[in-house]
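Just so you know, all these numbers are worked out from the coordinates, no wet-lab data involved. Everything quoted here is computed from the prediction, not taken from an experiment. Here the Cβ is made from the backbone with ideal geometry for all residues, glycine too, and neighbour counts use every protein chain on show.
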């Protein structure tokens with residue numbers, strides 16, 4: 001299986017032989033790619049990464065959650081898109097360096113965005129797309145000056161609460177070299193499920 005989204009994101013699943021065959025048909029010049037760890041060498045034969053990481057998929061089944069909503073959590077809207085984009089770029093200049101308020105606004109109707117404000121200023125945020133079968137938390141980000149206050153745990157908990165009202169499964173992806181985030185998600189009830197190779201890369205030319 002190969003899923004291509006917005007002509008910039010590609011996910012590849014299957015055997016090594018399947019991955020090779022699928023990559024022959026992947027002609028994106030610039031791509032954010034995710035595959036099984038054993039496919040890393042196959043991907044790197046065709047693409048040159050500017051960023052590469054191990055990504056962990058964590059899952060939470062209904063009944064396993066321990067929610068810690070210790071701070072007021074608000075639903076965010078179009079008026080907060082500039083603040084959302086600014087925090088995301090500040091938190092991870094590699095993965096979210098190209099995120100814009102316009103891009104967030106374009107997808108806002110499909111997603112639930114929640115945030116925490118301090119003195120009227122957005123300091124922590126998260127989002128998910130609610131579905132009947134299970135929902136993936138797409139982003140959790142807290143401004144550097146406001147970390148270690150439990151804001152990310154409150155946002156994650158509030159999103160899980162919303163997800164479990166719709167379905168019985170919550171998912172979240174996290175980079176393996178981000179122990180604070182992993183601990184926060186485990187506190188709420190998430191457990192590591194599977195690891196993936198993740199990269200931002202450009203097509204190699206002969």
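Quick rundown of the values:
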| quantity | calculated |
| --- | --- |
| The stretch 1-155 shape via C-alpha gyration tensor axes, a/c threshold 1.5 | prolate |
| Three-way shape label, the stretch 1-76, alpha-carbon gyration tensor, a/c 1.5 | prolate |
| Estimated FRET transfer efficiency when R0 is 41 angstrom, pair residue 148-residue 9 (beta carbons, to 0.05) | 0.80 |
| For the chain, built as a Gaussian network whose Cα springs stay under 10 Å, the top-fluctuating residue of 150, 107, 77 | 107 |
| The stretch 82-105-the stretch 11-36 distance, computed between alpha-carbon centres (Å) | 26 |
| Principal axes of the stretch 65-188: Cα extent on each, largest first, Å | 32, 31, 30 |
| Whole-number percent relative contact order across the chain, with pairs defined as alpha carbons under 8 Å at least 6 apart | 33 |
| Anisotropy class of the stretch 82-129 from Cα gyration tensor, a/c 1.5 cut | oblate |
| Taking the C-alpha atoms of the stretch 152-206, convex hull volume expressed per residue in Å³ | 125 |
| Cut-off 16 Å, label 7 Å out along Cα→Cβ of residue 204, residues of the stretch 4-25 by amide N | 20-21, 23-25 |
| Zone of residue 51's modelled label, taken as backbone nitrogen in the stretch 164-187 under 14 Å from a point 7 Å along Cα→Cβ | 174-178 |
